[in-house]
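**Q** Please find one structure pasted underneath; my questions will follow.
The values are calculated or read from the model by the stated rules, or taken from the named source; none is laboratory data. Because the structure is predicted, anything quoted here is derived from the model rather than measured. Note that we place each Cβ from the backbone using ideal geometry, even for glycine, and neighbour counts take in every protein chain shown. Only protein heavy atoms, including side chains, enter the accessible area calculation; ligands, DNA and RNA are left aside. Shrake-Rupley method; radii C 1.70, N 1.55, O 1.52, S 1.80 Å.
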Amino acid sequence: MKERKGKGLFVFCCLAPAAILFILFMIVPTIEIFRISLYKWGGYTDNKTFVGLSNFKSLLQNQKFYQAFQNQILLIVLVTIITFAFALVFAYILSREKIKGQGFFRVIFYIPNILSIVVISAIFSAIYKPNTGLLNSIIGIFKHSDDQILWLGDQRVVIYSIVIAMVWQAIGYYMVMYMASMANVSESLYESASLEGAGKIYQFFTITIPLIWTNIRTTLTFFVISTINMSFLLVTAMTSGGPDGASSVFLSYMYQEAYTNSSYGYGMAIGVSVFLFSFALAGLLNVATKRQEVEI
């Protein structure tokens, strides 16, 4: 009994600090966000007016919110599909093909992930410059025109410019993760498939993907949720939501309302909407990607 109590006390002492920090800095602020969303408050004074669900009603009637929502969904879909497609293909090539300098390619692909968002934003802002940017200079070699493409200033293309930056930043990290998973796939499975006449593409979809599906499913949920935060950081650093809200996303719209327009209660209502959307999206992904596990 004394030994059990001693182990229980040791476990409690180990877990208590983390649990206390989690409650203080995660649970309490989350509850506070829900509470403040029910008030009309500027954020800098003690004058709060309880308005109930009025902030949420205003939110649902605001065209800017729907524009931010549309941009966010577009980013989540495009960035996720492109990033995971390239990450899986590159991981498979570097894992299965005999390529010289595989370690070099791994490092090169992973470098964008260790760069700060500010650095990534500066790099792509320079690439997208209308007159001196690399992208327009390359296009100018094949297409001679005095009209330069405004990659960050044209409402039609700005969101796709953000997509490219986000994909470039994320591919390397997930490629390395999938390479680690693919390294655990038995070589005999590929040899047997080759003897039966299966090509490499067929092997990729029938052997590699099913055997690393658990890892794909976990990283997919993590990536989709983190895209909401990553898109805010890139949009804030590169376009500030412009032009005319064309690149505005959930969190950039929330930040603008809460801290620029001093509508803190309304901003927290947006925060609650983002929280519920993220929670629902994570649940939906878990259900949609659930399948019978295949053991290696």
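**Q** Taking a probe of 1.4 angstrom, what is the accessible area of W41 in Å², to the nearest 10?
**A** 40
**Q** Quote the accessible area belonging to L150 in square angstrom, nearest 10, computed with a 1.4 Å probe and with ligands, DNA and RNA left uncounted.
**A** The accessible area comes out at roughly 80 Å².
**Q** Carbon-plus-sulfur fraction of the accessible area of the chain, 1.4 Å probe, in percent?
**A** Summing carbon and sulfur atoms, their accessible area is 66 percent of the total for the chain.
**Q** Sort I117, I216, I149, I81 by accessible area with a 1.4 Å probe, largest first.
**A** Per-residue accessible area, sorted high to low, gives I81, I149, I117, I216.
**Q** Enter the accessible area per residue of the chain (Å², integer; probe 1.4 Å; all protein chains in place).
**A** Result: 60 Å² of accessible area for each residue.
**Q** Evaluate E = 1/(1 + (r/R0)^6) for K98 and V77, where r is the Cβ-Cβ distance and R0 equals 30 Å; express this FRET efficiency to the nearest 0.05.
**A** With R0 = 30 Å, the Cβ-Cβ based efficiency is 0.30.
**Q** If you take every residue apart from Y190 with its C-beta less than 15 Å away from the C-beta of Y190, what net charge results, scoring Lys and Arg +1 and Asp and Glu -1?
**A** With Lys, Arg at +1 and Asp, Glu at -1, the neighbours total -1.
**Q** Related question: Short version: what are the Cα gyration tensor semi-axes of the chain, square root of 5 times each eigenvalue, largest first, in whole Å?
**A** 38, 33, 17
**Q** Something else now. Explain nothing, just the number: relative contact order of the chain, from Cα pairs under 8 Å at least 6 residues apart, as a whole percent.
**A** 30
**Q** For L284 paired with F22, estimate the spin-label separation in nm (one decimal), with each label point 7 Å from Cα along the Cα-to-Cβ line.
**A** It works out to 2.7 nm between the two label points.
**Q** Got a sec? Charge dipole of the chain, +1 on Cβ for Lys and Arg, -1 for Asp and Glu; which of T260, F56, L88 is way out at the positive end?
**A** The residue sitting farthest along the positive end of the dipole is F56.
**Q** Now a separate question. Scan the chain and note any complete DSSP helix (H) whose C-alpha atoms cover at least 24 Å along its axis and whose Kyte-Doolittle average is -1.0 or more.
**A** Details: long enough: 2-22 (30 Å, 0.80); 63-96 (49 Å, 1.31); 158-182 (36 Å, 1.52); 213-238 (35 Å, 1.12); 264-288 (35 Å, 1.62).
Long hydrophobic helices here: 2-22, 63-96, 158-182, 213-238, 264-288.
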